[in-house]
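We did not get these values from a lab; they are worked out from the coordinates using the rules stated. As the structure is a computational prediction, the values presented were derived from the model and not from experiment. With ideal geometry, Cβ positions are generated from the backbone for all residues, glycine too; neighbour counts draw on all protein chains shown.
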Amino acid sequence: MEDTLQPLVERALNGQTGFLEFYLRNQSRLPGPRANIDLAQAFGNHLAFLVPDLPDETRALLNYLVRDEGRVATNTPDEFIVMCGVLGFGACAAAMPAWRDEVFSRIERYAQNHAWRVRESAALALQKLLATVPDETLLWLMDLLDRGDCLQMRACLAAISEPALLNSAHVIASALVMQRVALEYLHDLPSSERKRADVRVLRQALGYTLSVVTAANPDDGFALMCEIATWNDFDINWVLRENLKKRRLARFRAYTEKVIALMA
């Protein structure tokens, strides 16, 4: 993959974008159930290596790739092209501090996209930044979680809920706070608003992110689960049941039984 990408990226940075775009479309695996995320990640990593020496050319290429973000059709090679651009922006911002404010603002917009894979690429872009500059990115995530809409909140949760990134007490504690903020937001929503598509997207994300963070800190994670189990909230109980099904929590039987008993 790298041997193929390198010359195509170099030509694209010199203004010959057609060859790279054809390759990305051809290898996108779309339409289909799974896009070629490995290729998108490799593309972003390659650009991150080059961007310090070619910032203007890299920015021009990325802007070209996301040019159709507002009208892209889902489950198409076009969607994959935008995904590569979004992921590329995240990877390059991790390498270029001067880009970060702009890229954070871009990710806020990409997280609201109508195409779900574009929204997913926003979360993956955030993970690039979390891996490189966790403190700076966590502050931004907390701010967006506080002021963002359901889709932006979903991006924050999906970004932080990655086992490889939950590698310090500070990150894990922040991730648990983010779960609580989102759960309280969902709990406080009136029932008349909970059938909205964006609310469903947020609920679905909580259906797995809580277990990822809980597996990293079982004591505090299950304490949060026990607390929200007493809220007697249909959607919160759905979130709990979905998380308790996850294999990552199977070894914590005593904890899970306690949560189940509280929901009864």
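Around residue 67, what is the net charge, scoring Lys/Arg as +1 and Asp/Glu as -1 over all other residues with Cβ under 15 Å from its Cβ? Don't skip to the end; give the middle numbers.
Numbers: positive: 25, 59, 71, 106, 109; negative: 21, 68, 69, 78, 79.
Once positives and negatives cancel, what remains is 0.
Contact order normalised by length for the stretch 134-264, with contacts defined as Cα pairs under 8 Å and 6 or more residues apart; what percent is it?
Computed value for the stretch 134-264: 24 percent relative contact order.
For the chain, what does the relative contact order come out to in percent, with C-alpha contacts under 8 Å and a separation of six or more? Averaging sequence separation for qualifying contacts and normalising by length gives 12 percent for the chain.
Only helical runs count toward this figure. For the chain, summing -39,500 (n - 2.57) over DSSP H runs of n ≥ 4 and dividing by all residues gives -23500 deg cm²/dmol at 222 nm. The share of Cα pairs per 10 Å bin across the stretch 1-144, counted from zero up to the longest distance, runs 12, 47, 34, 6 percent. Of all aspartates and glutamates in the structure, the ones whose alpha carbon falls short of 20 Å from that of residue 258, not counting any fewer than 8 places away in one chain, are 219, 220, 227, 233, 235, 242. Taking the chain as the reference, fit the longest principal axis to its C-alpha atoms, fit the long axis of helix 134-147 to the helix C-alpha atoms, and give the angle between the two in degrees, 0 to 90, nearest 10. Here the helix axis deviates by roughly 70 degrees. Can you bin the stretch 134-264 into rounded, prolate or oblate? Criterion: square roots of the alpha carbon gyration tensor eigenvalues sorted a ≥ b ≥ c, rounded for a/c under 1.5, prolate for a/b above b/c, oblate for the rest. Oblate is the answer for the stretch 134-264, as a/c is 1.5 or above yet b/c matches or exceeds a/b. Rg and Dmax of the stretch 70-165, based on Cα coordinates, read 12.3, 35 Å.
Using Cβ counts within 10 Å as a stand-in for footprinting exposure, how do 69, 21 rank, fewest first?
Values: 69 21, 21 18.
The most exposed by this proxy come first: 21, 69.
How much net charge surrounds residue 12 when only the other residues with a Cβ under 12 Å from the Cβ of residue 12 are counted, with Lys and Arg +1 and Asp and Glu -1?
Values: positive: 11; negative: 10, 21, 57.
Here the count lands on -2.
Over the C-alpha atoms of the stretch 146-211, the Rg to Rh ratio, Rh being the Kirkwood estimate, stands at 0.99.
The spacing between the stretch 1-65 and the stretch 78-124, judged by their C-alpha centroids, is 14 Å.
Three principal axis extents of the chain based on alpha-carbon atoms, in descending order, are 62, 35, 33 Å.
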